[in-house]
1. For peptide B:58-71, compute the average count of partner chain beta-carbon atoms within 10 Å of each residue's beta-carbon.
2. Using only Cα atoms, figure out Rg for the range B:1-124 and give it as a multiple of 2.2 N^0.38 Å.
3. Can you tell me, using C-alpha contacts under 8 Å and at least 6 residues apart, the relative contact order of chain B as a whole percent?
4. Between A:R22 and A:L179, 0.36 nm times their residue separation minus their Cα-Cα distance comes to what?
5. Before I look further, what does chain B give for accessible area per residue, probe 1.4 Å, in whole square angstrom?
6. Which value in deg cm²/dmol, rounded to the nearest 500, describes the helix-derived mean residue ellipticity at 222 nm for chain A, given -39,500 (n - 2.57) per DSSP H run of n ≥ 4 and division by the residue count?
7. I need the inter-copy label distances for B:Y39: point set 7 Å along Cα to C-beta, values in nm with one decimal, smallest first.
8. Taking H as built 1.01 Å from N, whose amide H comes closer than 5 Å to the amide H of B:I117, not counting residues under 5 places away?
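The values are calculated or read from the model by the stated rules, or taken from the named source; none is laboratory data. This is a predicted model, so every value here is computed, not measured. Counting neighbours? That spans all protein chains shown, and the Cβs are built from the backbone with ideal geometry, glycine included. With ligands, DNA and RNA removed, areas are computed over all heavy atoms of the protein, side chains included. Shrake-Rupley method; radii C 1.70, N 1.55, O 1.52, S 1.80 Å.
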2 protein chains.
Amino acid sequence: MAYSQSLNELISALSKLPGVGRKSAQRIAYHIVTSEKDYVKSLADAIMLARERTNYCAVCNDMTEDEICPICLSPKRDRSVICVVAEPKDVLAIEKTKEYKGLYHVLGGLISPMDGIGPEDISVSKLIGRITPEVTEVILATGLNVEGETTAMYIARMLSPLGVKTSRIAMGIPAGSELEYADEATIANALEGRREI
Amino acid sequence: MAYSQSLNELISALSKLPGVGRKSAQRIAYHIVTSEKDYVKSLADAIMLARERTNYCAVCNDMTEDEICPICLSPKRDRSVICVVAEPKDVLAIEKTKEYKGLYHVLGGLISPMDGIGPEDISVSKLIGRITPEVTEVILATGLNVEGETTAMYIARMLSPLGVKTSRIAMGIPAGSELEYADEATIANALEGRREI
């Protein structure tokens, strides 16, 4: 048996998913064509439904099934702090800590001149429009890499005339990690960012 | 952001795929809801289409998009040999070697009293019905484990009154492998199955 055309097409569609190589795609495709039709239909429906229902929040750009996301609508969140992140998955990562009670702003990318992504391609002006007198702090929680740093510096500069406090998440040694495995830049930053105990 | 309902449902549907854990399912689901709608639709369509088009060959039970599979229909295949395997994926594995030119018979499982699978639950009587005078050899290529051996022995016994030659694939040391990593049963079988050079 050579793969049939429909199976081949399924394998190549599955291979495009993140973390799914050709071998995994073959195994998943084989599983799909040998499974109950009802189960396969429920899988295909779940894919379409999740995509169709997912919008971006009109306020913060986070993913949501509604016009405005539950965080922006929640009366329990602290409206004086906005945490700026690159992608919706970063919101999820911060929410998991259960430590942060403020609002978010999802940029939808990071400034990256190498990839032709400038400040106008990410949601900076919308963020500036959200800085009302109620907002006292903007936390820049973009990644600690070149793009994340560039974007944080740019936003900090844009916000400075507005008189709002801007802060940057700390770079340091990860929790549970040993000094010997950290790179020099991380150790240098951990030393510089030391706090009295 | 907590996951929305449709995203949660997608994650749990994806988690049921072979080799996809919860973390991978989250990553794939995130990729799906943030991708172009056209791409997502093509993925869902490929899943449904592959499942709907896949039948089992009326002759050999291999997976096919047609009533009878291309191997059974091919005038180039040697009709005097039938290779018996457990699953369609075994046909694929043997076809990849490009060494075998005969026909196949897919049992659709193996005898396993522990799992309540008896000879009547796999395609044995259909195999017996295929043993015409044209067929001179049946190769039993079920796995070298308890179920595979039991099934091979059972089929050999059923075929013996028909006067057709039955053979069993060789157990031995895998190609490229070292003796020290092989288990005792494999080494014992490799010695017993030794061939003059």
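1. Details: counts 0, 0, 1, 0, 1, 7, 3, 4, 1, 0, 0, 3, 3, 2.
Across B:58-71, the average partner-chain Cβ count within 10 Å equals 2.
2. Values: Rg = 19.7 Å, N = 124, 2.2 N^0.38 = 13.7 Å.
Cα-based Rg divided by the globular estimate yields 1.44.
3. Working: 223 pairs, mean separation 24.6, N = 197.
Answer for chain B is 13 percent.
4. Details: separation 157, 0.36 × 157 = 56.52 nm, distance 3.78 nm.
Between A:R22 and A:L179, full extension yields 52.7 nm more.
5. Working: 11210 Å² over 197 residues.
Accessible area per residue: 57 Å².
6. Values: 8 runs with 83 residues, N = 197.
Counting only the DSSP helices, I get -12500 deg cm²/dmol.
7. Copy-to-copy label distances at B:Y39, shortest first: 2.8 nm.
8. B:S112
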